[in-house]
1. What about R240, is it within 16 Å of the ligand (Cβ to nearest atom) and crowded, with 20+ Cβ neighbours inside 10 Å?
2. Sort out which residues of region 86-109 are in contact with a Ser or Thr (Cβ under 8 Å, 6 or more places away or on another chain) and over 24 Å from F229 (Cβ atoms), and write them in order of number.
3. Give the residue that is surrounded by the fewest Cβ atoms within 10 Å (Cβ to Cβ), with candidates limited to residues of region 141-188 that are closer than 12 Å to G97 by Cα and of a type in the set (S, T, Y).
4. Just to be sure before I move on: is V174 assigned by TED's automatic domain parsing to the domain that holds S332 and β-branched (V, I, T) in the structure I sent?
5. Looking at (1) closer than 20 Å to F100 by Cα; (2) assigned by TED's automatic domain parsing to the domain that holds Q317, which one does A206 not meet, given that it meets all the others?
6. Testing G10 on (1) modelled with pLDDT under 90; (2) closer than 18 Å to L87 by Cβ; (3) of a type outside the set (S, T, Y), one condition comes back false. Which one is that?
7. From Q243, Q193, grab the single residue that is at pLDDT 95 or above and farther than 19 Å from I305 by Cβ.
8. Name the one entry in A70, A112 that is part of a helix (DSSP H, G or I) and either touching a residue at least 40 places away in the same chain (Cβ under 8 Å) or closer than 23 Å to M1 by Cβ (or both).
Amino acid sequence: MDSILVVNAGSSSVKFQVFAVECEGRLRRTIKGQIDGIGSRPRLRANGAGGDPMADRAYPIEAVGDVPAAMEIAGAWLRNEVRIQPLAVGHRVVHGGPDFERPVLVDHGVVARLERFVALAPLHQPHNLAPIRSILAGFPAVPQVACFDTAFHRTHGPLADHYAIPHQLHAEGVRRYGFHGLSYEYISRSLPQIAPAIAKRRVIVAHLGSGASMCAMKEGLSVESTMGFTALDGLPMGTRPGQLDPGVVLYLISEKGMTAAKVQDFLYRDCGLKGLSGVSNDMRELEASTDPQAKLAVDYFTYRIGLNAGMLAAALQGLDAFVFTAGIGENSSGIRVRVAERLGWLGVALDAAANDRHSRLISAKSSLVPVYVIPTDEELMIAQHTLSLLMGGQSPNPRNERVS
Ligand code: ADP
């Protein structure tokens, strides 16, 4: 059976999914797996499409010390035990910089260009590129496709793309890129089938997971985002602060004696819901907690979503639909209620029963703005891009392709 392998590699885990290529290029997910605990307590787990367990095994720490070693183990399991020889491999790559506005077939030259963006995403880009390099070395004949979290936002105009800093820095790549682009692209492609009347209109999509951001879309394209140069800006997240006065960073350096590496670690790992609550970075625990700091963290999260929605509505000059997606957006009816209350001034009103049922359309009939819950699928997006590039075309314009 022909298949596409999708790889999403981070610092401590390599997640992978396998999609069977069926007639007319339809894709069917067959395996979902990951190796996590890289460098600490490595473990391979994989399930079939229906959740049936296929593998669950622990490895000694020295066997899986880094991402390439994890990729090797996952690859050997797929080849030797599941007998998968993928037609191509699609990778999630966080940063495409200013150059890459769509997915691209990877060769050594592309890898070299993507290495330049390591400085723009030091915690993610090196881990995203590591399995690409391993596969290029070990299986040079297997086509690989890089799909970028930034690419969907390259439609931003100059006002959304700039900071008010000297032009030279913008030319060097210090820009407001925006992230979670594969998720937004999936939603953009899904909307014409789910809600054709509003798909081309002014839509705010809230991707609320352990990373969180919002995107303003017009005509199905991104016009503004809450994230910027890195995935730190905008909404508060599980462990990242979201919007922060740069003066706070100066204070940490000058008054607390923190090095750049310490500040980086602090901003990516110790802030956000975790830092503010002192309880957890997991929204489920915060919602269940009676701790006043946990309550403050949840209030802050929904308050900032409301503020940022106002900003995006201003960018769009109005609002025709609001979409919730990702872990919190898809699963927490309580957070959706609080966000909707904050958006009441824009004419948003929820249907409580539909919201509790996690229905697709959760707004009340009286709501001036329809509100949807649409589960995202970044891996399917990557598989579709990979297949399209494999078939020889450029990855098609999002406006022309159906999500299957
Ligand atoms: P990522 O892909 O960025 O790791 P996800 O989109 O999977 O994140 O979202 C993970 C987050 O979703 C978790 O940290 C958890 O806080 C939240 N989450 C998942 N299920 C629920 C739920 N039922 N209620 C509230 N929050 C939830």
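1. yes
2. Scanning region 86-109 gives P86, L87, A88, V89, G90.
3. T150
4. When the stated conditions are applied, V174 does not pass them.
5. (1)
6. Evaluating G10 over (1) modelled with pLDDT under 90; (2) closer than 18 Å to L87 by Cβ; (3) of a type outside the set (S, T, Y) leaves (2) as the failure.
7. After ruling out the rest, the residue left standing is Q193.
8. Going through A70, A112 in turn, the sole match is A70.
The values are calculated or read from the model by the stated rules, or taken from the named source; none is laboratory data. These numbers come from a predicted model, not from an experiment. Cβ sites come from the backbone with ideal geometry, for glycine too, and all protein chains shown count toward neighbours.
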